[in-house]
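Derivation of every value follows stated rules applied to the coordinates shown; laboratory data play no part. What you see is a predicted model, and the numbers here were worked out from it, not measured in a lab. Here the Cβ is made from the backbone with ideal geometry for all residues, glycine too, and neighbour counts use every protein chain on show.
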Amino acid sequence: MEIVNVTNLIKEFPLSRGLTDILSRKRKTMRVLDNVSFSVLEGETLGLVGESGSGKTTLARILLGLIKPTSGKVMFKGEDIFNLRRLNKLEVHAVFQDPDSSLNPMMQVKDIIAEPLFNTKMSKKDVDENVIEILSKVGLTKEIATRYPFELSGGQKQRVAIARALIKKPKFIVLDEPTSALDVSIQAQLLNLLIELQGEFGLTYFFISHNMNVISYISDRIAVIYAGQLVELGTVDELISNPLHPYTKLLWACVPRPDPETKISVKDFGEVPSLINPPPGCRFHPRCPYAMEICKSISPTLEKLNNIHLVACHLFSRR
């Protein structure tokens, strides 16, 4: 069953206007998301992977109802996500990359976690009991409740952020690079915690990362985004054993290897194109080793190769 459905999503941001633009009455825009469509199934983790500047965080903010798309639809359980946001009925919460910027340094942990309950009719006793219970669920003791964020380690802060996201028992959580600021050992602990909580609370995750190892560890399916467009979507097994799009192959090739002589960086293949003036045709073609003439003028569409694997590449087009 689908819990979230995104259809033909486009998001454009206006650019500052120069004198020439004012005189010509033209308003230039930057298209950060370009015709993005996908669904998230109830109880699964859909991972979204791509380089910085590919539109990941903009997509997260739209799913949270924080910004509206230029066009397209975002449905949560069959209802428009922005109607639900307006009615304060949107069962979606978030965990962000940097807990230092998302946790109020002037508030104690118990108040940070309880903040989503402030407008409910729960008694203070019930709120306090809920806070202590959710602290234990994320592996923190009740003594943490009276501390301030600056007294906590990075891993503890992110556990507090997860506790705050869970306190109202949401069905859908957007996780925007939640482990990228943590040491590798702490990353593993946090990923395992998220998996445990998902099973216990019946959660659905939309997990964003630029790290292929992290995204493949926690996800059921993976969507690959490049310069604002989805280029591949499939199960973890499919994208590990049979990645099709050249960009997905590039991301896998750049995963760190034990052999020091196999150091490859995504930047070795050039930079992500500017979304102000993206290349015509396939946006990946200037970096693609398999680019053909058609790639320079016609943008491929996301096509189903089978029931579980979609790719947007002329190498697999049925035209």
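List of remarks:
- In order along the stretch 102-119, phi translates into HN-Hα couplings of 10, 10, 5, x, 8, 10, 6, 4, 4, 6, 4, 5, 7, 3, x, 9, 4, 8 Hz, rounded to whole numbers, per the Karplus curve 6.51 cos²θ - 1.76 cosθ + 1.60 with θ = phi - 60° and x for Gly and Pro.
- Ranked for footprinting exposure by Cβ neighbours inside 10 Å, fewest first, Arg86, Arg159, Arg221 give Arg86, Arg221, Arg159.
- Full-stretch length increase - Phe150, Glu91 - with 0.36 nm per residue and alpha-carbon distance subtracted: 18.3 nm
- Orientation-averaged projection of the chain equals 19.8 nm² [convex hull of Cα atoms, one quarter of hull surface area].
- Two-site label geometry, Thr235 and Ile308: point separation in nm, points 7 Å out along Cα→Cβ: 0.1
- A straight chain from Met292 to Met1 at 0.36 nm per residue would run longer than the Cα-Cα distance by 100.9 nm.
- Computed E for Ser274/Ser37 - FRET, C-beta separation, R0 35 angstrom, nearest 0.05: 0.90
- Translational diffusion of the stretch 78-144, µm² s⁻¹ [Kirkwood Rh, Cα pairs; Stokes-Einstein; 10 °C; 1.306 mPa s]: 114
- Considering only the Cα atoms of the stretch 45-176, their convex hull presents on average a projected area of 9.3 nm².
- FRET efficiency for the Asp100 to Thr57 pair, using the beta carbon distance and R₀ = 22 Å, is estimated at 0.85.
- Cysteines in the chain lacking a second Cys C-beta under 4.7 Å: Cys254, Cys288, Cys313
- Solvent-free Debye calculation, one equal scatterer per alpha-carbon of the stretch 154-290: log10 I(q)/I(0) at 0.11, 0.16 Å⁻¹ equals -0.50, -0.96.
- In this structure, Gln108 and Asp80 have a Cβ-Cβ separation that, at R0 = 25 Å, corresponds to a calculated FRET efficiency of about 0.10.
- Dipole axis of the chain (+1 Lys, Arg; -1 Asp, Glu on Cβ), positive-most option in Val138, Gly43, Pro14: Pro14
- Of Lys89/Lys168; Lys125/Lys168; Lys89/Lys171; Lys56/Lys77; Lys110/Lys157; Lys89/Lys169, pairs whose Cα-Cα distance is over 19 Å: Lys56/Lys77
- Among Lys304, Lys125, Lys89, residue whose mean-square fluctuation peaks in a GNM of the chain (springs only between Cα atoms under 10 Å): Lys125
- Antiparallel bridge percentage (DSSP; both residues within the stretch 166-319; nearest 5): 70
- About its Cα centre, the chain has a charge dipole of approximately 1300 debye under the convention of +1 per Lys or Arg Cβ and -1 per Asp or Glu Cβ, with nothing else charged.
- Longest to shortest principal axis, alpha-carbon extents of the stretch 119-218, angstrom: 44, 30, 21
- Of the peptides 111-122, 128-139, 237-248, the ranking by mean beta-carbon count within 10 Å, highest at the top, reads 237-248, 128-139, 111-122.
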